[in-house]
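The values are calculated or read from the model by the stated rules, or taken from the named source; none is laboratory data. Everything numeric here is computed off the predicted structure, so don't read it as measured data. Glycine also receives a Cβ, built like all others from the backbone with ideal geometry; neighbour counts cover every protein chain displayed.
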Amino acid sequence: MLATGQIITNNDSYSTIVTVDNVVRRVLAAGKTWKSYAEDLPSVGYTGGDVGNYARKHNVFALLSDVANDSTQRKNLVPFTQFAPDLANGTLPDFSNIVPNLCNDAHDCSLGTADTWLQNNIAPLLASPTFQRDGLLIILFDEAGSDNTNGGGRIAWVVVSPRAKTGYSSTTLYQHQSTLRLILEALGVTQFPGAAATAPGMAEFFTP
């Protein structure tokens, strides 16, 4: 849903290339750049299955036809170790997708472990002049414990931005397609994949 605006599968072992409209297609059409920084990804451009604590199901960019079938775009699938150098060198893309491994994303380990990982790895981004000018960071889980009921369950969703309202919480029901819409809107994209085209916007989280 976060990549295509629609549910493709609930099968964790799914490996079929996805050809529907998607976030990479929209980003490229808008002339923007992107990378997916995945922790424990074996190598640049890797589109294969799970290795160690790397889970392809969490790095769905590897299954998008716009990436998997394009040797240039596959180079934007990089290990997370590339994130710090890109930040330091001022070469982060317009859109960064960050995928912690199965421990540091709190899937297999504790929330405390995930929190420490965020402090160690994402705090430098928040402190950077570029982010403080006009950055947007969204931290979220893909599912809750009741993932097969109640629309996937209630998840944690946190936005960090110079324009975000401090300490704000909403009573509106949002789903992942709204997050996809927000990401693309922030990049200046006006056409959205799947359900993101009609999903409610999330402007209430930001100051005008």
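Summary table
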| quantity | calculated |
| --- | --- |
| Pair list, Cβ under 6 Å, 6 or more apart: the range 160-175 residue in the same structural domain as Glu204 (by TED's automatic domain parsing), other residue assigned to a loop (DSSP other than H, G, I, E, B) and not hydroxyl-bearing (Ser, Thr, Tyr) | Ser161/Leu136 |
| Residue tally, condition more than 21 Å from Val189 (Cβ to Cβ) and either of a type in the set (A, V, I, L, M, F, W, C) or at pLDDT below 95 (or both), over the range 26-56 | 5 |
| Residue within the range 92-114 that is touching a Pro at 6+ places or on another chain (Cβ under 8 Å) and β-branched (Val, Ile, Thr) present | no |
| Entirely in the range 1-92, the helices (runs of 4 or more DSSP H) that have 3 or more residues that are more than 17 Å from the chain's Cα centre (by Cα) and within 25 Å of Leu118 (Cα to Cα) | 83-89 |
| The listed residue being under 23 Å from Ala195 (Cβ atoms), not basic (Lys, Arg) and not assigned by TED's automatic domain parsing to the domain that holds Phe141, out of Asn69, Asn97, Asn89, Asn76 | Asn97 |
| Filter result (in a loop (DSSP other than H, G, I, E, B), among the polar types (S, T, N, Q) and crowded, with 18+ Cβ neighbours inside 10 Å) within the range 93-117 | Asn101, Asn104 |
| Count of residues meeting criterion [in contact with a Gly (Cβ under 8 Å, 6 or more places away or on another chain), surrounded by fewer than 18 Cβ atoms within 10 Å (Cβ to Cβ) and within 21 Å of Ala144 (Cβ to Cβ)] in the range 179-208 | 0 |
